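The values are calculated or read from the model by the stated rules, or taken from the named source; none is laboratory data. In this text, all values refer to a predicted model and were calculated from it rather than measured experimentally. Cβ atoms come from the backbone with ideal geometry, glycine included; neighbour counts cover every protein chain shown.
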Amino acid sequence: MAEILVLVDHVDGAVRKTTNELLTIARRIGEPSAVFIGSGEAPVEALKKFGAEKIYVVDDAEIKGYLVAPKAEVLQQIAATANPGAILISSSAEGKEIAGRLAIKLGSGVITDAVDVAADGTTTQSVFAGNFTVNAKVTQGTPIIAVKPNAAAPEEVAGAGAVVPTAVTISDVAKAAQIVASQPRQSTGRPELTEAAIVVSGGRGTGGDFTAVEALADVLGAAVGASRAAVDSGWKPHTFQVGQTGKVVSPQLYVANGISGAIQHRAGMQTSKTIVAVNKDEEAPIFELVDFGVVGDLHTVLPALTAEITARK
Ligand code: FAD
């Protein structure tokens, strides 16, 4: 069975949920191997838990502080010996850049923003502001696939987790751009918007009062999003914006509150697995794409919903 390389997405060794999703997808295609680039102790147990059969550990002392180019070289060098059936990377801004650079190095086809990957490597993507669903497959070289968060429910399957310490040589050209400072964003205490399994968003219909939206988000353990109208009104920073000119999310559950459902907003959320909307206008276009819709005032409906969920916990 072909080895499938998964680039581990982590923060100081804490493995992100997207990696567990990639390992789950990798198991559909072949035998998952994780590639961990980092210093300190590798998160072997965390990666084994989601099925990593092998864990390539690359100490990043030499490449830490450089931009993404060295990571593409790491994957290139591991691929040269492992000869994998595919390489899976998280479809973040960084992941997509690594995928593109790696594709050039390997002479391979690359697919980004996949929302699903089948056992034969066929991917599903949502394109042109969500107006088309495309199925694509890499036909040349080692398929390199960048997969969006929440593309699969992570499955716990014990893998062998054989650690393979791996030495790599990084070219000077890959070290041509260096990070001079990095400032972690202040944590909201909620999950990251693009990674969250549940997103609760508010639009102009909130009238600027996100209390009910945030209370529902907190009881669900969700991230908070916003429409551009809410962001342009200064109610939430741009980092909260969902849509064509904001973030594209694909959670298990998306709850749109006081959002009309403009095409530019849909572009950022319509691949969500289940969509719920609360809107006081029963003609609002958002109701065309929902799985469940509530016609009502969000300031009444959301507190009732939050109270009900709290009572059932
Ligand atoms: P509205 O369209 O004003 O809708 C508000 C809704 O709230 C209405 O349906 C109303 O019935 C409902 N409502 C009002 N009060 C209540 C209440 N008390 N309870 C329940 N419901 C209530 N938009 C984005 O969101 N993201 C983008 O990335 C984005 N990019 C854009 C890019 C371009 C180039 C352009 C031209 C536009 C873009 N837009 C984007 C803007 C988009 O076209 C819409 O203007 C915007 O999405 C509208 O936001 P909204 O739904 O919150 O507001």
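Could you please find all residues in region 220-247 being assigned to a loop (DSSP other than H, G, I, E, B), closer than 15 Å to residue 272 by Cβ and more than 9 Å from the ligand (Cβ to nearest atom)?
222
Is it fair to say residue 98 is β-branched (Val, Ile, Thr) and surrounded by 23 or more Cβ atoms within 10 Å (Cβ to Cβ)? Steps first, please.
Values: β-branched (Val, Ile, Thr): yes; surrounded by 23 or more Cβ atoms within 10 Å (Cβ to Cβ): yes.
Considered against the rule, which asks whether it is β-branched (Val, Ile, Thr) and surrounded by 23 or more Cβ atoms within 10 Å (Cβ to Cβ), residue 98 comes out as yes.
Right, residue 67: within 26 Å of residue 169 (Cβ to Cβ) and either charged (D, E, K, R) or at pLDDT 95 or above (or both) or not? Spell out the reasoning first.
Working: within 26 Å of residue 169 (Cβ to Cβ): yes; either charged (D, E, K, R) or at pLDDT 95 or above (or both): no.
So residue 67 does not fit the description; no.
In the set 185, 190, which member is of a type in the set (D, E, K, R), surrounded by fewer than 11 Cβ atoms within 10 Å (Cβ to Cβ) and part of a loop (DSSP other than H, G, I, E, B)?
Numbers: 190 fails: surrounded by fewer than 11 Cβ atoms within 10 Å (Cβ to Cβ).
It is 185.
Could you list, in sequence order, the residues of region 289-313 that are of a type in the set (A, V, I, L, M), farther than 17 Å from residue 223 by Cα and within 12 Å of the ligand (Cβ to nearest atom)?
Correct list: 294, 295, 298, 301.
For residue 250, indicate whether it is surrounded by fewer than 21 Cβ atoms within 10 Å (Cβ to Cβ) and either outside any helix (DSSP H, G or I) or in contact with a Leu (Cβ under 8 Å, 6 or more places away or on another chain) (or both).
On the way: surrounded by fewer than 21 Cβ atoms within 10 Å (Cβ to Cβ): no; either outside any helix (DSSP H, G or I) or in contact with a Leu (Cβ under 8 Å, 6 or more places away or on another chain) (or both): yes.
It is false that residue 250 is surrounded by fewer than 21 Cβ atoms within 10 Å (Cβ to Cβ) and either outside any helix (DSSP H, G or I) or in contact with a Leu (Cβ under 8 Å, 6 or more places away or on another chain) (or both).
Pick out the one residue from 205, 261 that is at pLDDT 95 or above, touching a helix residue (DSSP H, G or I) at 6+ places or on another chain (Cβ under 7 Å) and not in a loop (DSSP other than H, G, I, E, B). If you could, list the steps in order and put the result at the bottom.
Working: 261 fails: not in a loop (DSSP other than H, G, I, E, B).
Exactly one residue qualifies, and that residue is 205.
Which of the residues spanning region 222-240 are within 26 Å of residue 126 (Cα to Cα) and in contact (Cβ under 8 Å) with a residue 24 or more places away in the chain?
Residues satisfying the conditions are 222, 223, 224, 225, 226, 227, 228, 229, 230, 239, 240.
What do you reckon, is residue 52 more than 30 Å from residue 269 (Cα to Cα), touching a Pro at 6+ places or on another chain (Cβ under 6 Å) and buried (at least 22 other Cβ atoms within 10 Å of the Cβ)?
In short, yes.
Answer yes or no as to whether residue 34 is surrounded by fewer than 23 Cβ atoms within 10 Å (Cβ to Cβ) and under 20 Å from the mean Cα position of the chain (by Cα).
Here the answer is no, as residue 34 does not meet what is asked.
Among 212, 229, 217, which is touching a Pro at 6+ places or on another chain (Cβ under 8 Å) and farther than 19 Å from residue 91 by Cα?
Details: 229 fails: touching a Pro at 6+ places or on another chain (Cβ under 8 Å); 217 fails: touching a Pro at 6+ places or on another chain (Cβ under 8 Å).
Only one candidate qualifies: 212.
Those residues that are without any contact (Cβ under 8 Å) to a residue 24 or more places away in the chain, of a type in the set (S, T, N, Q) and within 16 Å of the ligand (Cβ to nearest atom), I need them from region 168-219; list them, please.
The one that is without any contact (Cβ under 8 Å) to a residue 24 or more places away in the chain, of a type in the set (S, T, N, Q) and within 16 Å of the ligand (Cβ to nearest atom): 211.
For residue 286, state whether it is part of a loop (DSSP other than H, G, I, E, B), within 8 Å of the ligand (Cβ to nearest atom) and either in contact with a Ser or Thr (Cβ under 9 Å, 6 or more places away or on another chain) or aliphatic (A, V, I, L, M) (or both). Reasoning before the result, please.
On the way: part of a loop (DSSP other than H, G, I, E, B): no; within 8 Å of the ligand (Cβ to nearest atom): yes; either in contact with a Ser or Thr (Cβ under 9 Å, 6 or more places away or on another chain) or aliphatic (A, V, I, L, M) (or both): yes.
So residue 286 does not fit the description; no.
What single numbered condition from (1) more than 26 Å from the chain's Cα centre (by Cα); (2) under 19 Å from residue 208 (Cβ atoms); (3) in a strand (DSSP E or B); (4) not charged (D, E, K, R) fails to hold for residue 294?
Every condition holds for residue 294 apart from (2).
Restricting to region 63-105, give me the number of residues that are under 18 Å from residue 33 (Cβ atoms) and not in a helix (DSSP H, G or I).
Start the filter on region 63-105 by keeping residues that are under 18 Å from residue 33 (Cβ atoms), which leaves 71-90, 95, 98-99, 102.
This time we only want the ones that are not in a helix (DSSP H, G or I), so: 83-90.
Final tally of qualifying residues: 8.
Please verify whether region 137-145 includes one or more residues that are more than 19 Å from residue 8 (Cβ to Cβ), under 23 Å from the mean Cα position of the chain (by Cα) and within 16 Å of the ligand (Cβ to nearest atom). Talk me through it step by step, then tell me what you get.
Filtering region 137-145 for residues more than 19 Å from residue 8 (Cβ to Cβ) gives 137-141.
Next, from what is left, pick out any that are under 23 Å from the mean Cα position of the chain (by Cα): 137-138.
This time we only want the ones that are within 16 Å of the ligand (Cβ to nearest atom), so: none.
Looking through region 137-145, none of the residues is more than 19 Å from residue 8 (Cβ to Cβ), under 23 Å from the mean Cα position of the chain (by Cα) and within 16 Å of the ligand (Cβ to nearest atom).
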